[in-house]
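**Q** To start, I am sharing the structure in question, which I have written as structure tokens.
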Amino acid sequence: MKILVFTDNDLDGAGSALFIKWLFNHKLSLFTVVDTTEATFTNDFKSREELIGIYDRVFILDLDLTEKQIKLVDQQHVVVVDHHIPHSRKIESYNKAKVVVKEHSSCIDLLRCKFNKLELTPAQEEIIKFIDDYDSYTLKYGDSLKLNAIHRTFNNPKTEKFIEAFEAGFRPYTIHEKNGIKLFISKFKEQLQNQVYRGRIKEYSVVSIMANYAISEVARFTINKYNADIGIVVNIDTQTVSFRKSKTCDADVSILAKTLCNGGGSASAAGGHLTKMFANLTKNFIA
């Protein structure tokens, strides 16, 4: 069987692709993974359209697709699996593709629930538990942050390297991985020492912080810590602004990035340039 996977370029996306490999296991004759994001997915998919026909099944994992992207992928041999709330409100837009899109703590745990007849080893169950814990940002387990740190230290293609490293499930870390974890967590904690500012944009609560490393993780941490709808990370070094939103927020942060920062992105993750308009909007935020 020939399988093509488009998956989000984060820990949950990598884990979800790994689950698909477990699912088909010995049936595979070709397994191709494409790391992508909501912002780059359209180009990534279109650039491979001529080759898509050679695959028996095409999986699209952990991506909150737009209406235009849904029309692009709505084909008979496509399977879409995602856990983001905004995407779950668009499932009626699909006509041909098989769709497993519903609110859930993570994409990998949604796959586990959907394909619950798959017999998993304790090591496989454990890595699912840690990835789900990280993506929901519950953080009950220390290994959740450590696994994410390892994923972040991989060079591209991250998912291929993650699958190669953890194909049998969770295992003890290597010395190299332990060093990578220490470095990532140390640099991540440094960013969190910066001053946090809070405010509102229309009806949404916003938290803002300056950082130049682990942007998504910093935004996610501050959103959860301060129970905000939107997290903004300002990188003074690159003069850029990054926008992220909570899993329950219905805002489209790409609109903020475009309007305030001459940028763009997806509904959940976007960015742009540090502009006077952005500075004027946020000058009323309080520490």
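**Q** Being touching a residue at least 12 places away in the same chain (Cβ under 8 Å), surrounded by fewer than 20 Cβ atoms within 10 Å (Cβ to Cβ) and in a loop (DSSP other than H, G, I, E, B) is the filter here, so list the residues in segment 31-69 that pass it.
**A** Thr37, Ala39, Arg48, Ile54, Tyr55, Asp56
**Q** Take the residues in segment 186-214 that are outside any strand (DSSP E or B) and hydrophobic (A, V, I, L, M, F, W, C); name whichever of them is surrounded by the fewest Cβ atoms within 10 Å (Cβ to Cβ).
**A** Filtering segment 186-214 for residues outside any strand (DSSP E or B) gives 186-195, 202-203, 211-214.
Filter once more, keeping what is hydrophobic (A, V, I, L, M, F, W, C): 188, 192, 211, 214.
On the way: Phe188: 19, Leu192: 15, Ala211: 24, Ala214: 22.
Once the filter is applied, the top-ranked residue is Leu192.
Per-residue answers, yes or no, for (1) outside the structural domain of Ser136 (by TED's automatic domain parsing); (2) assigned to a helix (DSSP H, G or I):
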residue	(1), (2)
His151	no, yes
Asn156	no, no
Glu160	no, yes
Ala165	no, yes
Phe243	yes, no
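**Q** Can you tell me which of Asp109, Asp74, Asp133 is out of contact with any Lys or Arg (no Cβ under 8 Å at 6 or more places or on another chain) and of a type outside the set (Gly, Ala, Ser)?
**A** Result of the check over Asp109, Asp74, Asp133: Asp109.
Each row is one residue, and each column tells you yes or no for (1) among the hydrophobic types (A, V, I, L, M, F, W, C); (2) over 14 Å from Gly15 (Cβ atoms); (3) surrounded by fewer than 15 Cβ atoms within 10 Å (Cβ to Cβ).
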| position | (1), (2), (3) |
| --- | --- |
| Lys102 | no, yes, no |
| Ser106 | no, no, no |
| Leu110 | yes, no, no |
| Ser136 | no, no, no |
| Ala149 | yes, yes, no |
| Ala165 | yes, no, no |
| Phe184 | yes, yes, no |
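**Q** Next up: Kindly indicate whether Lys178 is basic (Lys, Arg) and without any contact (Cβ under 8 Å) to a residue 12 or more places away in the chain. So that I can check it myself, show each step before the final result.
**A** Details: basic (Lys, Arg): yes; without any contact (Cβ under 8 Å) to a residue 12 or more places away in the chain: yes.
Considered against the rule, which asks whether it is basic (Lys, Arg) and without any contact (Cβ under 8 Å) to a residue 12 or more places away in the chain, Lys178 comes out as yes.
**Q** Given Thr248, Thr282, which one is touching a residue at least 60 places away in the same chain (Cβ under 8 Å), in contact with a Ser or Thr (Cβ under 7 Å, 6 or more places away or on another chain), surrounded by fewer than 19 Cβ atoms within 10 Å (Cβ to Cβ) and of a type outside the set (Phe, Trp, Tyr)?
**A** Matching residue, one of Thr248, Thr282: Thr282.
**Q** Out of curiosity, is Ile209 under 19 Å from the mean Cα position of the chain (by Cα), under 17 Å from Ser242 (Cβ atoms) and not assigned by TED's automatic domain parsing to the domain that holds Lys21? Explain how you work it out, then say what you get.
**A** Values: under 19 Å from the mean Cα position of the chain (by Cα): no; under 17 Å from Ser242 (Cβ atoms): yes; not assigned by TED's automatic domain parsing to the domain that holds Lys21: yes.
Answer is no for this residue.
The values are calculated or read from the model by the stated rules, or taken from the named source; none is laboratory data. In this text the structure is predicted, and so the values were computed from the model without any measurement. Backbone-built Cβ (ideal geometry, glycine too); neighbour counts: all protein chains shown.
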